[in-house]
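Undergrad: This is the structure I have questions about; it appears just below.
Quick note: the coordinates plus some simple rules give every number you see, no bench work behind them. Since we're looking at a predicted model, the values are computed, not measured. All Cβ positions, even for glycine, are placed from backbone atoms using ideal geometry, and neighbour counts span all protein chains on display.
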Amino acid sequence: MMIHHIEPVVHTLHGHFSRDLALVLTIESGDTVRYRTLDAGWSVIDNPDPFERPPKFPDRDSALHPGHALCGPVAIQGAKAGMTLEVHLKTIRAGTWGWSAAGFWHPRGKELGLPDKIDHMIRWRLDADVGVATTQDGMRVQMRPFMGVLGMPPNEAGQHSTVPPRFCGGNIDCKELIVGSRLFLPVEVDGGLFSIGDGHAVQGDGEVAGPALECPMELVEVEFFLHPSLNLSMPRANTPAGWIAFGFDKDLDVAMMVALNGMLDIMEEVYAVDRAKALALASLVVDLRISQIVNGVRGVHAILPHDAITTNKET
């Protein structure tokens with residue numbers, strides 16, 4: 001299988017989803033792509049002083065590309081609507097700097113006691129070798145890097161925002177999609193047209209301030225597999241923490257039910273049980289978590305730990 005490389009340059013970067021974007025690369029199922037990515041805000045990767053604001057990518061057309069800095073799109077040979085693309089995250093290594101903030105984009109700041117026009121930016125030094133992020137005044141957090149945006153365009157004309165998550169992926173912002181995860185995305189257009197970006201050094205469930213710890217990524221290594229006979233209506237993932245089913249909607253209650261329905265589908269497949277038994281078991285071992293509340297379309301993920309249910313079946 002082939003290994004490909006994508007660097008963040010003008011012809012590989014974009015800030016919207018579209019089925020009409022020019023392809024960066026066409027690969028075969030089983031191939032691997034190694035990316036370097038900008039942070040969501042289009043800042044350059046190399047920044048000598050992590051506590052100073054890095055310069056912006058110089059060649060961005062912000063009118064054409066208003067959203068997150070994404071790399072791609074990558075086409076997978078033979079991908080057609082109704083198939084599923086498996087995205088295996090093999091390596092995620094953060095850059096040397098990052099930032100987090102509150103106030104700038106929060107639509108409900110007053111409810112959280114934030115004064116009008118008061119914004120707060122925190123800059124971080126990232127040490128990928130030890131997995132620690134540090135502020136200038138010595139506050140530290142453990143890093144758990146993942147990519148916020150992983151997705152493909154819908155089969156609809158025009159440009160589509162990078163901000164909301166969709167059934168074919170996008171700004172999922174789920175902190176469980178760490179190294180070792182396998183994300184399964186419904187394919188909507190020929191080739192799939194996968195894009196990636198919005199690196200996070202760490203994030204809590206909810207991403208409550210708007211940004212996570214936003215950062216560039218030195219290396220994101222992704223292996224792609226096409227599943228022609230697997231037909232999904234929503235994304236799912238097999239992660240180190242367990243099986244995950246996603247739900248997206250502006251209404252958090254609706255997103256919750258979409259995620260729970262997706263988890264029942266997984267449990268029926270994995271344990272060969274009917275739906276009622278799957279729900280009875282889910283009430284014992286499945287957690288519903290809020291992925292994010294800040295992308296307009298809310299995200300919920302249902303998670304089933306791998307060791308939550310054991311059986312006496314011989315292997």
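Undergrad: How high is the relative contact order of the chain? Use alpha-carbon pairs under 8 Å, at least six apart in sequence, and give a whole percent.
TA: 22 percent
Undergrad: Considering only DSSP states other than H, G, I, E and B, which trypsin sites (Lys or Arg not before Pro) in the range 251-315 qualify as loop sites with at most 12 other Cβ atoms within 10 Å?
TA: Passing both the DSSP loop test and the Cβ count: LYS313.
Undergrad: Can you give the helix-only mean residue ellipticity at 222 nm for the chain, where every DSSP H stretch with n ≥ 4 adds -39500 (n - 2.57) and the sum goes over all residues, rounded to the nearest 500 deg cm²/dmol?
TA: Taken over the chain, the calculation gives -3000 deg cm²/dmol.
Undergrad: While we're looking at this one, here's another question. What do you get for Rg/Rh over the range 128-212 if you use C-alpha atoms and the Kirkwood form of Rh?
TA: 1.05
Undergrad: In addition: Given N residues in the range 165-312, what is Rg(Cα) / (2.2 N^0.38 Å)?
TA: So the Cα radius of gyration is 1.05 times the expected 2.2 N^0.38 Å.
Undergrad: I would also like to ask the following. Mean separation of Cα pairs under 8 Å and 6+ residues apart, divided by the residue count of the range 241-304: what relative contact order is that in percent?
TA: 45 percent
Undergrad: Okay, moving on. Mind sorting PHE224, PHE194 by how few other Cβ atoms lie within 10 Å of their own Cβ, fewest first?
TA: By the 10 Å Cβ count, ascending: PHE224, PHE194.
Undergrad: Now a separate question. Give the calculated FRET efficiency between TYR271 and GLU156 to the nearest 0.05, with a Förster radius of 35 Å applied to their Cβ-Cβ distance.
TA: The formula returns an efficiency of 0.45 here.
Undergrad: Let me ask something else about it. Quick one: what Rg and Dmax do you get for the chain from the alpha carbons, in Å?
TA: 19.3, 63
Undergrad: Right, here's the next one. Going by C-beta contacts inside 10 Å, put VAL254, VAL189 in order with the fewest on the left.
TA: VAL254, VAL189
Undergrad: Could the peptides 208-220, 175-187 be put in order, highest first, of the mean number of other beta-carbon atoms found within 10 Å of their residues?
TA: Top to bottom by mean Cβ count within 10 Å: 208-220, 175-187.
Undergrad: Considering the convex hull of the alpha carbon atoms of the range 1-94, report its projected area averaged over all viewing directions, in nm², one decimal.
TA: 7.2 nm²
Undergrad: For the range 241-304, I need the span (max minus min coordinate) of the C-alpha atoms along each principal axis, in Å, sorted largest to smallest.
TA: 36, 22, 17
Undergrad: Please compute the Kirkwood hydrodynamic radius of the range 42-147 from all pairs of different C-alpha atoms, in Å with one decimal.
TA: One decimal place: 17.3 Å for the Kirkwood radius.
Undergrad: For the range 231-300 and the range 176-208, what is the separation of their C-alpha centers, rounded to whole Å?
TA: The range 231-300 and the range 176-208 have Cα centres spaced 16 Å from each other.
Undergrad: Could you list SER291, SER29 so that the one with the fewest beta carbons within 10 Å of its beta carbon is first and the one with the most is last?
TA: With the fewest neighbours first, SER291, SER29 line up as SER29, SER291.
Undergrad: For GLU52 paired with SER229, estimate the spin-label separation in nm (one decimal), with each label point 7 Å from Cα along the Cα-to-Cβ line.
TA: Placing both labels 7 Å beyond Cα along the Cβ direction yields 5.9 nm.
Undergrad: Which of the residue pairs LYS90/LYS250; LYS56/LYS175; LYS175/LYS250; LYS90/LYS277 have a Cα-Cα distance greater than 28 Å in the structure shown?
TA: Pairs exceeding 28 Å: LYS90/LYS250; LYS90/LYS277.
Undergrad: Okay, next question. Order 6-15, 279-288 from most to least packed using the mean count of other Cβ atoms within 10 Å.
TA: Those peptides, ordered most packed to least, come out 6-15, 279-288.
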